[in-house]
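Okay, so here's the structure we're looking at.
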Amino acid sequence: MTANIAARAAIVREVGAPWTIENVEISAPRADEVLIKMVGTGICHTDTACRTGFPVPMPIVLGHEGSGIVEAIGSGVTKVKVGDHVVLSFDSCGECLNCNKDQPAYCYTFYPRNLAGVRASDGSAQITQDGKPINGLFFCQSSFATYALARELNTVVMDKSLPLDILGPLGCGIQTGAGAAVNALGILPGESLAIFGGGAVGLSALLGARAVDAGAVIVVEPQAGRRALALELGATHVIDPKETPDTLAKIKELVGGVNYALDTTGIPAVMAAAVEALLPKGVLGLLGVPPPEATVPANMMSMLIRGITVRYIVEGDADPQEFIPRMAGWYKAGKFPFDKLIGKFPFDQINEAAHAAEKGGVIKPVLIF
Ligand SMILES: [Zn+2]
Ligand SMILES: [Zn+2]
């Protein structure tokens, strides 16, 4: 295959503008690339953040939680075949120190590969419109389009018995939450976890903790609907921080303290409470985006005497080729009901879907093509 492919793509023309669905051309796959006919794509908080100001080049086709069917492969592709069902994840170089340690989320070239809008190798565009380049390659997929180009490296082949239309979020949001609990914190059976924020990432962390038989899992979340869903998904306790602002005292009252905590809010005061809720040798994982000027609000002596670790976690410390099939295996075994987080929308309702997620009406919207 050498000719360009006609596709429909949701384009953001400038910061803050809505998505507009337009005709584009996608280039034929190069040697290491895979062309995928999209079936579903989740909307992640990062898509919304990039639409509204996180620095990416414009105009751009976003979308980074895609699932679909392989339509064509480049000459050098060996592990992915035409007709395979696939989930697309983030790109990495496969060669740097962290990639070689199976930590591709910390690839030395993560940002140029996932956010630059053009091919990392030579700066060329994958998407054009009337011959003019449109920024693409968002997380090496730009999957808010009827066709997407990925690399073999970030294309994960899935079992065909799984519901392909809703698998995309396993490639980012769900991997981020579940991986944070399972890979980054390494939570063991019986160990306790407090999760601050019950959105898609927080509830995915809960699902991951339950899949590996964690002990008490407390979800702190102001929205009643999300607290109810957390209980349905196996949280042992929920706290409404509006009704009970002293969440630290409440966690101590409920369970005495926790082995691990995850913050998905990025709010400094929440992080301060999370640090103090930890038992000795506890670890706080940070997943939320903080205010740009925020500094760490923790008491150093208090951390010293308990041997506390605080760290940021990217993409759940996951190697997508290993962790995405692992989550799918839990799902098939009935231990990881991530489908309960998902609400489906037609592709052309992308703006309505993103709005519904912001308002809290749906946890994880997935666009269906
Ligand atoms: Zn690398
Ligand atoms: Zn994401």
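What the table shows:
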| read-out | value |
| --- | --- |
| Extreme residue, nearest to residue 181 (Cα to Cα), among residues of the stretch 350-362 that are without any contact (Cβ under 8 Å) to a residue 60 or more places away in the chain and surrounded by 15 or more Cβ atoms within 10 Å (Cβ to Cβ) | 362 |
| Count - residues of the stretch 284-296 that are more than 21 Å from the chain's Cα centre (by Cα) and either of a type in the set (Gly, Ala, Ser) or open to solvent by less than 50 Å² (accessible area, probe 1.4 Å) (or both) | 1 |
| Residue match in the stretch 183-192 (condition: of a type in the set (Asp, Glu), open to solvent by 20 Å² or more (accessible area, probe 1.4 Å) and in a loop (DSSP other than H, G, I, E, B)) | yes |
| Subset of the stretch 17-64 (residues that are of a type in the set (Asp, Glu), touching a Lys or Arg at 6+ places or on another chain (Cβ under 9 Å) and open to solvent by 20 Å² or more (accessible area, probe 1.4 Å)) | 22, 32 |
| Any hit, the stretch 324-332, residues being touching a residue at least 60 places away in the same chain (Cβ under 8 Å), more than 21 Å from residue 219 (Cβ to Cβ), open to solvent by 20 Å² or more (accessible area, probe 1.4 Å) and of a type outside the set (D, E, K, R) | yes |
| Test: residue in the stretch 132-140 that is more than 16 Å from ligand 1 (Cβ to nearest atom), among the hydrophobic types (A, V, I, L, M, F, W, C) and at negative phi | yes |
| Number of positions in the stretch 204-225 that are within 22 Å of residue 360 (Cα to Cα) and open to solvent by less than 40 Å² (accessible area, probe 1.4 Å) | 10 |
| Test result for residue 199, outside the structural domain of residue 64 (by TED's automatic domain parsing), within 16 Å of ligand 2 (Cβ to nearest atom) and touching a residue at least 12 places away in the same chain (Cβ under 8 Å) | yes |
| Single residue of the stretch 97-114 satisfying the filter (within 16 Å of ligand 2 (Cβ to nearest atom) and open to solvent by less than 20 Å² (accessible area, probe 1.4 Å)) that is nearest to the chain's Cα centre (by Cα) | 105 |
| Test: residue in the stretch 89-110 that is in the same structural domain as residue 157 (by TED's automatic domain parsing), away from ligand 1 (no atom under 15 Å from the Cβ) and within 21 Å of residue 318 (Cα to Cα) | no |
| Qualifying residue in the stretch 76-83 (condition: more than 16 Å from ligand 1 (Cβ to nearest atom), open to solvent by less than 50 Å² (accessible area, probe 1.4 Å), of a type in the set (A, V, I, L, M, F, W, C) and modelled with pLDDT of 95 or more) | yes |
| Filter pass, residue 94 being open to solvent by 30 Å² or more (accessible area, probe 1.4 Å), among the small types (Gly, Ala, Ser) and part of a loop (DSSP other than H, G, I, E, B) | yes |
| Residue that is farthest from ligand 1 (Cβ to nearest atom), among those in the stretch 193-212 that are part of a helix (DSSP H, G or I) and within 22 Å of residue 47 (Cα to Cα) | 203 |
| Only one of 225, 215 that is over 16 Å from residue 179 (Cα atoms) and not in a loop (DSSP other than H, G, I, E, B) | 225 |
| Test: residue 179 is in contact with a strand residue (DSSP E or B) (Cβ under 8 Å, 6 or more places away or on another chain), over 11 Å from residue 36 (Cβ atoms) and open to solvent by less than 10 Å² (accessible area, probe 1.4 Å) | no |
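For every residue, the table says whether it meets (1) closer than 22 Å to residue 49 by Cα; (2) touching a Ser or Thr at 6+ places or on another chain (Cβ under 6 Å); (3) not assigned by TED's automatic domain parsing to the domain that holds residue 206.
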residue	(1), (2), (3)
231	no, no, no
252	no, no, no
270	yes, no, no
287	yes, yes, no
324	no, no, yes
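The values are calculated or read from the model by the stated rules, or taken from the named source; none is laboratory data. Quick caveat: nothing in here was measured; it's all calculated off a predicted structure. Neighbour counts run over all protein chains shown; Cβ positions are idealised from the backbone, glycine included. Note: areas computed on protein heavy atoms with side chains; ligands, DNA, RNA excluded. Shrake-Rupley method; radii C 1.70, N 1.55, O 1.52, S 1.80 Å.
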